[in-house]
Every structure is written in structure tokens, then in C-alpha cells.
Amino acid sequence: MNTQRKVPVTILTGFLGSGKTTLLNRILTEEHGKRIAVIENEYGEVGIDQALVINADEEVFEMSNGCICCTVRGDLIRVLNNLNKRRDKFDYVLVETTGLADPGPVAQTFFMDEELRAEYALDGIVTLVDAAHIDQQLGRSDESTEQIAFADVLVLNKTDLVNGEALDSLEARLRGMNRMARVVRSERANVPVDTVLDLSAFDLDQVLERRPTFLEPEYPFEWTGVYSLDTGRYELNLADGPDPAMSLVVVPNQGTDDAALRESAEWCVRQYAEPAEVIQPEEEIPVGKHVSLRLDSPGRKSFFFEVATPGRVGLYAQHLAEEFDLQLRNADGGAFKLGGNFCSEPACTETETDTQRIKGAAVPAEAERTWVAQHEHDDEVGSISIEVDGDADPEKLNAWLGQLLRERGVDIFRMKGFISVAGESRRFVFQGVHMLFDGQPDREWGDAPRRNQLVFIGRNLDGQSMREGFEACLI
């Protein structure tokens with residue numbers, strides 16, 4: 001029996017540029033007596049938020065290049081379970097989500113996973129709101145709406161950028177969207193720590209009343225097919241589809257009832273969080289591992305896997321079977337145990353049933369399940385990452401940034417990073433939202449290599465042009 005107190009967890013969310021990292025820094029530097037572990041989810045190829053969080057080198061656990069609400073839910077589970085091994089080092093957890101994440105599925109993780117539910121307790125969801133930009137964000141982003149709707153505390157930030165009348169109108173709008181949340185106004189995320197920690201505010205019953213489907217999980221795969229197979233080798237045959245690759249996990253000992261499918265689905269979430277092993281056509285698929293089937297070349301392609309013990313096998317695929325005309329075939333004459341006219345090959349007759357051993361025979365699915373995602377992300381929104389060594393000429397840098405913000409500022413939701421400026425002994429850290437830009441000297445470079453890391457998140461950004469523009473600023 002676990003008599004140890006559950007670790008409270010606060011989810012810190014808010015749209016891009018709302019001030020989450022600023023608030024996080026305030027929490028980590030104030031004297032509140034808590035030992036806090038921080039889990040950050042980055043959006044994009046290069047994770048730099050840990051570099052922007054001060055005095056937290058041993059406390060920050062970073063998950064990069066994914067949406068925390070679906071494809072890396074297993075990563076969140078893995079990090080939290082690993083934290084259990086060092087429970088003596090912390091007594092509170094902060095999860096900072098990417099600005100493009102719906103916090104609902106993140107909160108859901110603490111109720112769906114039995115191991116986490118025994119060790120952690122969701123204390124509350126804190127949503128930062130950018131007073132200067134939230135109106136246009138609500139009009140263009142479903143995630144902004146979800147972040148406000150799920151909040152236990154709404155921190156109305158950057159109030160110094162909005163006049164009093166507009167601020168009152170905005171607060172009234174927020175209260176109309178979420179009457180249960182407490183609204184706290186702030187400049188530069190300067191709020192008392194006790195307004196965002198130790199809230200004991202998340203009420204599952206209230207959430208289920210507002211959203212009955214809250215405990216319906218999202219998965220990083222769309223389709224499951226269950227096949228009854230004998231010992232032997234099988235061929236997975238796919239046609240051209242919408243993507244040049246498809247992630248897959250082959251699950252042995254698969255049941256067909258809803259509980260068994262759910263149990264395997266939750267197990268597969270963890271496998272999908274692991275890096276996928278790339279499998280080329282004609283190669284073997286390891287059972288129970290996350291793989292990426294390469295489908296770059298035109299025409300149908302075959303992959304193979306072995307069944308060691310007779311029974312049901314589940315295929316948990318990233319895409320629907322019909323998108324790739326997915327077919328499972330008998331590769332070596334091993335039997336499959338289903339009655340009926342299952343053989344689609346010319347060599348088969350209508351009378352062949354049950355345990356025929358016919359190489360190349362198509363095996364029908366005994367059961368299928370489609371996992372419908374509850375949200376979609378805007379395909380026009382993406383991230384541009386720039387990593388390059390060297391020093392930037394300050395005049396060229398100013399000119400390039402000025403032109404970029406004038407011409408593309410409305411499409412740049414968020415920018416952040418650090419730059420090595422020629423003649424400066426300290427690195428230059430910057431953050432920005434749309435056309436608002438804030439930068440300042442940070443710590444000394446010392447013996448560290450002088451390196452530039454910049455991340456831009458926005459709509460329809462031209463990555464090549466932006467990279468070329470910045471590189472032209474280098475000496």
C-alpha cells in the first residue's frame with residue numbers, strides 16, 4: 001500500500017508568447033520552500049526553452065519535437081515514471097505545455113494511466129493570457145479557447161499593453177468563457193506564487209459535467225486490426241498512400257473486446273513515445289516495437305514479421321488501413337484459423353476454409369477499431385529553427401529583424417532564442433510575439449562555443465528565406 005503523499009502537479013499553459021517561461025522563471029527563483037521538477041514540451045526541431053529557464057539545469061526535463069497532447073503523451077508518462085526514481089529530489093511538478101497544445105489531454109493523462117494516478121495528483125491548470133493579442137488568437141486558434149476553458153486560474157498578463165476599458169472588456173469575455181476560473185491580472189507574469197501553486201483546484205467531476213468525453217483518450221494511431229494467426233511468417237503489403245512512411249506497432253496476444261483493445265492501446269502509447277526503428281521494404285518488423293515503414297518508392301511494398309505463438313495479433317497503425325490498401329498475407333504457408341471464404345488468391349477455391357496452408361493467401365481481420373482524434377492542428381502552422389555558429393553584426397541583425405517583423409510579424413505567433421553578437425561578451429536572449437520584440441544581454445559566454453539558436457513559430461513561414469536572411473547577418 002502506497003502511504004506516500006501524491007506529488008501535486010500544475011499544468012502551465014497559454015498560447016504562444018503569453019508569458020509561460022517568464023512565470024516559470026519567477027516560480028523557480030522565489031523563496032517558497034518547494035523543490036520543483038519542471039517538464040517542458042517544445043514545438044519544433046530545436047528545444048531551447050531549457051536554455052531560457054534560469055538556474056534550473058538539474059530540474060528541467062525537456063520533450064521536443066512533438067505535440068504533448070497526442071504523439072508524445074507516452075513521453076510525458078515515461079518522464080514522470082522516471083521521476084519516481086528520484087522522489088527525494090523534488091516535491092512538486094510543473095508541466096509547461098507548448099503554446100499550441102490543448103491542455104485537456106495532458107490533464108487526462110493523470111487519470112488514464114494507473115501508475116501515474118497512484119503517484120501524482122493534478123493540482124490545477126494555470127493558463128496565461130496575452131492581453132494584447134488574445135482577441136485575434138481566439139479568432140484563429142481552437143487551442144486558445146481550450147486553454148481558457150480548462151483553466152482553474154487565468155493569469156491575464158501584459159496588462160500594461162492594454163488600456164483600462166479594453167482590459168475590463170477582455171476580462172468580462174474571459175469570465176464568460178470560464179466562470180469557474182479565478183482571474184489574476186499581471187505585468188510580466190508577476191503574480192504571487194500561491195496564486196498558481198498548491199491550488200487543489202482541479203475537480204474531475206466538474207470537468208466531466210462540462211465535457212462528458214473528457215476521459216476519452218487521444219492516441220497517436222488511427223487504426224487497429226486484429227488477426228487470428230498461426231505460427232509462421234506473414235507479409236504486410238501496402239499500396240501508395242498519403243504519407244511516405246507509416247508508424248506501426250505489432251502487438252502479440254491481442255484480445256478483441258473493448259477492454260483488451262484499450263489496454264493494448266495504452267501500452268502502444270508508450271511504444272510510440274520511443275524513437276521509431278526505420279524499416280525498409282522487404283525487411284522484418286520486430287514484434288512489440290515502434291517502427292516506421294518507409295513507403296517512399298512507388299508501387300506496392302511488402303514488410304514481414306514472425307508469429308512465434310498461435311493467437312491473435314494486433315496491428316496499431318498510424319493511418320487507416322484503407323488509405324494504404326493494407327493487406328496481411330500468409331508468407332510461408334502457415335495456417336490462419338478463420339472459417340469462411342477468406343482466400344482472395346486465384347489458386348484458392350471457394351471451398352477452402354479454416355486451416356488451409358496456402359502461401360500468399362490474404363488474411364482477413366477478425367476485428368477492427370478506428371481511434372478518432374478529438375482535435376486537429378492547423379497544418380499551416382509550423383516552426384522554423386535556425387542553428388549556426390558565429391557572431392552576428394549588430395547593425396545587420398537590427399535591419400533584418402526590423403524588416404522581418406514589418407513584413408511577417410502578423411504571421412509570427414512566437415519567436416525566441418539567443419544570439420552571439422559581435423563584440424559582446426554575453427549572449428543576447430530574445431523573445432517576441434507578432435511585432436512585439438524584447439531582448440536583453442544574458443549570461444557570459446565564457447568557454448562555451450558562441451552559437452546562435454533561433455526558433456520562430458507561425459503561419460506559412462518561409463524557412464529557407466529566413467535562414468538565409470539571418471546567415472547574411474553573420475560576420
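With respect to Val429, determine if the residue is over 22 Å from the mean Cα position of the chain (by Cα), part of a strand (DSSP E or B) and in the same structural domain as Met415 (by TED's automatic domain parsing).
Working: over 22 Å from the mean Cα position of the chain (by Cα): yes; part of a strand (DSSP E or B): yes; in the same structural domain as Met415 (by TED's automatic domain parsing): yes.
Yes; evaluated as a whole, the condition is true for this residue.
The rows are residues; the columns are (1) buried (at least 18 other Cβ atoms within 10 Å of the Cβ); (2) at pLDDT below 90; (3) aromatic (Phe, Trp, Tyr).
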site	(1), (2), (3)
Val278	no, no, no
Pro281	no, no, no
Pro298	no, yes, no
Ser302	no, no, no
Thr309	no, no, no
Leu338	no, yes, no
Cys343	yes, yes, no
Glu350	no, yes, no
Ala361	yes, yes, no
For segment 240-263: of the residues being closer than 19 Å to Phe304 by Cβ and out of contact with any helix residue (DSSP H, G or I) (no Cβ under 9 Å at 6 or more places or on another chain), which is surrounded by the most Cβ atoms within 10 Å (Cβ to Cβ)? Leu248
Which residues, taken from segment 297-318, are under 25 Å from the mean Cα position of the chain (by Cα) and under 18 Å from Ala245 (Cα atoms)? Leu315, Tyr316, Ala317, Gln318
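In segment 242-258, how many are assigned to a loop (DSSP other than H, G, I, E, B) and of a type in the set (A, V, I, L, M)? Talk me through it step by step, then tell me what you get.
Start the filter on segment 242-258 by keeping residues that are assigned to a loop (DSSP other than H, G, I, E, B), which leaves 242-244, 252-257.
Next cut, of a type in the set (A, V, I, L, M) only: none.
Selection size over segment 242-258: 0.
For Phe470, are the conditions met, namely being in a helix (DSSP H, G or I), within 18 Å of Glu395 (Cα to Cα) and in contact (Cβ under 8 Å) with a residue 24 or more places away in the chain? Talk me through it step by step, then tell me what you get.
Details: in a helix (DSSP H, G or I): yes; within 18 Å of Glu395 (Cα to Cα): yes; in contact (Cβ under 8 Å) with a residue 24 or more places away in the chain: yes.
Yes, satisfied.
The values are calculated or read from the model by the stated rules, or taken from the named source; none is laboratory data. Since the model is a prediction, treat every value here as computed from it, not as a measurement. Don't worry about glycine lacking a Cβ; one is built from the backbone with ideal geometry, like all the others, and counts go over all protein chains shown.
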